[in-house]
Amino acid sequence: MSQVQTQAAPATQAKEPYLSATAMRGGYGKADILHGCTLQVDMGQIAVIVGPNGAGKSTAMKAVFGMLPLREGSVKLDGEDIIKLSPQERVYKGMGFVPQVHNIFPTMTVEENLEMGAFIRKDDIKDTIEQVYHLFPAVAEKRKQAAGELSGGQRQQVAVGRALMTRPRLLMLDEPTAGVSPIVMDELFDRIIEIARTGISILMVEQNARQALEIADIGYVLVQGTNRYTDTGEALMADPEVRRTFLGG
Amino acid sequence: MDILNALVVFLNFVFIPAAAYGAQLALGALGVTLIYGILRFSNFAHGDTMAFGAAITIIVTWGLQSLGISLGVLPTALLALPFGIAATALLVLGTDRVVYRFYRVQKAAPIIFVMASVGVMFVMNGLTRLIIGVDEQRFDDGARFVITVRDFREMTGLQEGLAFRTTQALTLVIAVLVVWALFWFLNRTKSGKAMRAYSDNEDLALLSGIDPEKVVRMTWIIAAGLATIAGVLYGLDKSFRPFNYFQILLPIFAAAIVGGLGNPLGAIAGGFIVAFSEVAITYPWVKVAGYLFPNWEPGGLLQLLGTEYKFAVSFVILIVVLLFRPTGLFRGKSV
Amino acid sequence: MSTNRQASAANPWRAPIFFAILAVLFILEGTVRNGMFSGSWNTALAILNVGLISAIVALGVNMQWGYAGLFNVGVVGFLALGGLAPVLVSLPPVEGAWQAGGPRLLLSLAVGLGTLALAKVVWTRFRKGWAVALILLAGLLLYRWLFGPASTAIEANNPSRYGNIGGLGMPVLLSWLVGGAFAAAAAWAVGKVALGLRSDYLAIATLGIGEIIVSVLRNEEWLARGVNNITGVPRPVPYEIQLQQNPEFIDFAARWGFSVAEASGIWVKICYLSLFLVVLLSIILLAELALKSPWGRMMRAIRDNETAAEAMGKDVTARHLQIFVLGSAVIGIAGAMMVTLDGLMAPTQYNPLRYTFLIWVMVIVGGSGNNWGAVLGAVLIWFLWIKAEVWGPNLIGFLVSPLPAGDVKTHLLGSAAHMRFIAMGAVLLLVLRFAPRGLVPEK
């Protein structure tokens, strides 16, 4: 496939992970949801956050994206401290975010959805649109159709495509397979692997822990807002303790 | 021949007036529906925004007339229109800054916005009265008719005449141009698409880097433009009286809801549905029937409802839509 | 940010202080004669009486807004509908009117309502759009065929004096209740359609019903003579002229040092005042009792969190309908009282700006959700509204006095009346923003 181009040259510091969110503590109201949660993703890696309901998986991701006020901890992207930036500013820094629900513009066409994804770009976006269509041929056929009329899986593809339009270096997906059929899920995971191969780091929250860990370079098991297990996807799958408690045997 | 005569009567008394009125309602409803789509409340001040825009335009028209500037056969008000739009845009932008923005930041309930818009309606109503008074004003100059009844009779040799007033022709032409420009803006420009995106999904629009305040400002400017144009055309066609613009609020809301609040195409369709129903239901059909069925002697005027109840027609349409399709015929924002 | 302000606002002396200020204003109006006050008790009491009626309207609106968050923009319609009751209930019957077309008229109205009911039944049973449309069309034609000749005949009956159907000759106080019932019926119909949808829809639907009720009153001459007005609505209190011819009253007036004409005016107004106070206090009492009952607790629970209440199985829409009907009934009662006070039913006076939006200013200023606040806001705003007629031109005259005489000055002087609208709108916006809970906030 053609490479989805990225905004900036890769960072020179090889040691530091591309995204490094450490010891995050914070919540919406007075009670904290995150209690010292750490997430790190290397360039081109797929990182998956799994865990039981209410573990703060989505919250952790929103914290990384600046949608949650943090009382402690740091968030660094490519070695740069971004903790003070708003979500919009983080988009400029190379982060892309796909919310779990309401992640498309339903009355706008597929193509317009992609255009809106690239709203902040001043240069020519035609190539990026073609790359997204190449990645998701199914929605390419429906480029003139309203996104709200597509099937669930295709909508998710539009949503991911919209986030890719800013040519992010880090793509964050909040439960991208929620509510889609197993076949569509496999297809979507294949696409995500493909995206990661182009050098884009992926951070995603998943309910379908087993399938997600299969494709994960690194997996984070969160429980009550803190890291319980952190390892490669393969290792987590092999760990009997993880299997028993979190993957249903 | 009789069928032709019936057709001419129909065109003269039903079709042309309803088309012009429908275009005026559609322009008004477009403003209401755009504000609803972006700011998410029903703007009760819209009628008085129309009145204010029309009042400023009339004042500028008088100024131009006293300077001896005119547009020949066309009304001078067309020249004054840009001034009216500019003044109205400034007024609504100021209103947004002082009134609505506060509630937007607070994320107040829609009904609070509606109530604030009622306060704004009061103020604008007072301003309009202050500027131009409460009396009726006629400000249409230039040629009165495109076709007069006599010309038409001579031209066709028919018994019935047909009058086509300049203001009616202007209304239709301007409405078509404005609607075309608006849709071009919404569907073809980046700013217009950003407006639609914001209306579709506010949070995602923010994530995509769309500046909400800019979208809101654009919306107000466009709404001011639509309101002023609608207000001036309505005033040219039916004479200007501030109170009329309060009364026209109901048909405009009916049109916007029939079409589905937040849906611009629906607002246009809604405007014509309301206008044609209103005119058709309050028109005495006896003359048309006389040509079509020469041997039938109907007892009355064949008028379903007196003209004094024309606003009841929009109300009934509104009720029917709320009963059976609360999201409107063309799928607006959710109930 | 708002919590601090609200905490300081919850002062138990707040309401009494404001009522005391109000009392001082009325005493000044009654006793001091200068550029600002009239110095006439007749004027002061006249303002107070209408203020009390406005307070009852405000109570009705406050029930809808304060208890349930319903925005009624058709207050003028419910008020006018209530005002129809004294005309139909307490006026003496018009000779010949009933014979001219009464039964046929009633039949036509029954046909109209029956058509709607039939259409509703057919729709719920069969869901056939065309059948409903057919029924409605046939019903409309039959209704028109029955109604037209009947109303024409009634209007032709002695048109210079009557031309209307006339009343039942019953006590006027009874008509106050009937007025409430009229308004309640209309509110039920509107609420049934518009409640349970988006909150704006009720606002828009009430705006419509308000305009339609007023235009019906204006145009249906057989009902209340339309723009020809109905005068001489019977009074529940003595007439001034009777008092002036009563020797005891002449003595009484002399003892207090008033002229007989002035004293009779004051006496009549005090009689009205007492009646209005009884109604006002009863409504407040009932409202407070209702609020403390389980029903009231449920209403408040719904208002505070509609979603939670719905999740607990409360039928929010049905409760909203109840409160909307009750509030409108109160407005209707006030409408009947107003016509009784004026002795006049003049459909042209029902102006939405005055009877819908001014009432809203009263409710918001007074403190939404608080009955005493609504009363305070109503009387205060009504007083200011009336006095603005005097103060406004004076103020403008003072402001423009440095200007040279000319067109601009004349225009500004002539426009003082319009300033009232701007001032009222500004007051509404300012209170809504800076003191959203009003002068007397809810406890």
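The values are calculated or read from the model by the stated rules, or taken from the named source; none is laboratory data. Every value quoted in this text rests on a predicted model; they were computed, and no experiment measured them. Cβ coordinates were reconstructed from backbone atoms using ideal geometry, including for glycine residues, and neighbour counts include every protein chain displayed. Each accessible area value is taken on the protein alone, full model and side chains, heavy atoms only, with ligands, DNA and RNA left out. Shrake-Rupley method; radii C 1.70, N 1.55, O 1.52, S 1.80 Å.
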Worksheet item: Under the classification rounded if a/c is under 1.5, otherwise prolate if a/b is larger than b/c and oblate if not, where does region C:217-308 fall, given a ≥ b ≥ c as square roots of the Cα gyration tensor eigenvalues?
Response: oblate
Worksheet entry | For region A:50-64, Karplus couplings with θ = phi - 60° (6.51, -1.76, 1.60), whole Hz, Gly/Pro x | 10, x, x, 4, x, 7, x, 5, 5, 4, 4, 5, 5, 5, 4
Item to complete: Take each of the peptides B:179-187, C:159-167, average the number of other beta-carbon atoms within 10 Å over its residues, and list them starting from the highest.
Response: C:159-167, B:179-187
Worksheet item: What total accessible area, in Å², is buried where chains C and B meet, using a 1.4 Å probe and rounding to the nearest 100?
Response: 4600 Å²
Discussion item. Run the reach check for C:Lys269 against lysines, Cα to Cα strictly under 27 Å, same-chain hits fewer than 8 apart removed. What comes back?
Written reply: C:Lys387
Discussion item. I need the shape label for chain C. Rule: rounded when a/c is under 1.5, else prolate if a/b > b/c, else oblate, with a, b, c from the alpha carbon gyration tensor.
Written reply: oblate
Worksheet item: How big is the accessible area of C:Leu277 in square angstrom, nearest 10, if you roll a 1.4 angstrom probe over the protein chains?
Response: 70 Å²
Fill in: Given charges at beta-carbon only (K, R positive; D, E negative), |dipole| of chain A in Debye
600 debye
Item to complete: Heads up, I need the accessible area for B:Ser199: 1.4 angstrom probe, whole protein in place, Å², nearest 10.
Response: 20 Å²
Worksheet entry | Interchain or long-range residues, amide H under 5 Å from B:Leu71's placed H | B:Thr76
Response to the item:
Between A:Tyr229 and residues 5 or more places away or on another chain, the pairs with built amide H atoms under 5 Å apart involve A:Val221
Worksheet item: What order do C:His418, C:His411, B:His46 take when sorted by accessible area (1.4 Å probe), most exposed first?
Response: C:His411, C:His418, B:His46
Discussion item. Under a Cβ-only charge scheme (Lys and Arg +1, Asp and Glu -1), can you give me the dipole magnitude of region B:74-160 about the Cα centre, in debye to the nearest 20?
Written reply: 600 debye
Worksheet item: Does chain B come out rounded, prolate or oblate, given a ≥ b ≥ c as the square roots of the eigenvalues of its C-alpha gyration tensor, rounded meaning a/c under 1.5 and, failing that, prolate meaning a/b above b/c?
Response: prolate
Response to the item:
Each residue of C:201-214 has, on average, a number of other protein chain C-beta atoms within 10 Å of its C-beta equal to 6
Fill in: Selected from B:Gly142, B:Leu90, B:Ile16, residue furthest toward positive end of dipole (region B:2-324; charges at beta carbon)
B:Leu90
Response to the item:
quick note, the protein assembly as shown, DSSP beta bridge pairs, % antiparallel (nearest 5) is 60 percent
Item to complete: Return the distance in nm (one decimal) between the two label points of a simple spin-label model at C:Glu310 and C:Trp188, each offset 7 Å from Cα along Cα→Cβ.
Response: 2.5 nm
Response to the item:
In chain A the DSSP beta bridges are antiparallel at a rate, in percent to nearest 5, of 55 percent
Response to the item:
Summing +1 per Lys or Arg and -1 per Asp or Glu among the other residues with Cβ less than 12 Å from C:Asn158's Cβ gives 0
Practice prompt. Mind checking which of C:Ile250, C:Leu140, C:Ser293 is farthest towards the positive end of the protein assembly as shown's charge dipole, using Cβ charges of +1 (Lys, Arg) and -1 (Asp, Glu) about the Cα centre?
Written response: C:Ile250
Discussion item. For a quick check of your reading of the filter: which GluC sites (Glu not before Pro) in region B:125-177 sit in a DSSP loop and have no more than 14 other Cβ atoms within 10 Å?
Written reply: B:Glu136
Discussion item. Could you sort A:Leu150, C:Leu281 by their accessible area in this structure, using a 1.4 Å probe and putting the largest first?
Written reply: C:Leu281, A:Leu150
Item to complete: Treat each spin label as a single point 7 Å out from the Cα along the C-beta direction, and report the B:Thr148 to C:Asn394 distance in nm.
Response: 5.7 nm
Fill in: Charge dipole (region B:178-335, unit charges on Cβ, about Cα centre) - positive-most of B:Leu261, B:Ala197, B:Tyr309
B:Ala197
Worksheet item: How high is the relative contact order of chain A, in percent, counting Cα pairs under 8 Å that sit 6 or more residues apart?
Response: 28 percent
Worksheet item: Counting only pairs 8 or more places apart or on different chains, how many lysine pairs in chain A have C-alpha atoms closer than 17 Å?
Response: 10
Worksheet item: Within straight cross-link reach of C:Lys192, meaning Cα distance under 17 Å, which aspartates and glutamates are found once same-chain residues fewer than 8 apart are removed?
Response: C:Asp200, C:Asp315
Fill in: Electrostatic dipole magnitude of chain B [Cβ: Lys, Arg +1; Asp, Glu -1; Cα centre; debye, to 20]
880 debye
Discussion item. Am I reading the A/B interface right? What is its buried accessible area, both sides, 1.4 Å probe, to the nearest 100 Å²?
Written reply: 1600 Å²
Worksheet item: What chymotrypsin sites (Phe, Trp or Tyr not before Pro) does region C:211-291 have in DSSP loop regions with at most 13 other beta carbons within 10 Å?
Response: C:Tyr239
Worksheet item: Using modelled amide H (1.01 Å from N, peptide plane; none on Pro or chain starts), what sits under 5 Å from the amide H of B:Phe145, excluding residues fewer than 5 places away?
Response: B:Thr166
Practice prompt. Using R₀ = 45 Å, calculate the FRET efficiency as 1/(1 + (r/R₀)^6) where r is the Cβ-Cβ separation of C:Arg127 and B:Arg101; round to 0.05.
Written response: 0.45
Response to the item:
chymotrypsin sites (Phe, Trp or Tyr not before Pro) in region B:266-335 lying in a DSSP loop, each with at most 12 other Cβ atoms within 10 Å of its Cβ, come to B:Trp296
Response to the item:
Taking every residue of A:115-124, the Cβ atoms of other protein chains inside 10 Å of its Cβ average out to 4
Worksheet, complete the sentence: Note on chain B: contact order normalised by length, alpha-carbon pairs under 8 Å, 6 or more apart, percent, works out to 32 percent
Response to the item:
Taking only protein heavy atoms and a 1.4 Å probe, the highest-to-lowest accessible-area order of C:Ile284, B:Ile317 is B:Ile317, C:Ile284
Worksheet entry | With DNA, RNA and ligands ignored, accessible area of C:Asp342 (1.4 Å probe; Å², nearest 10) | 80 Å²
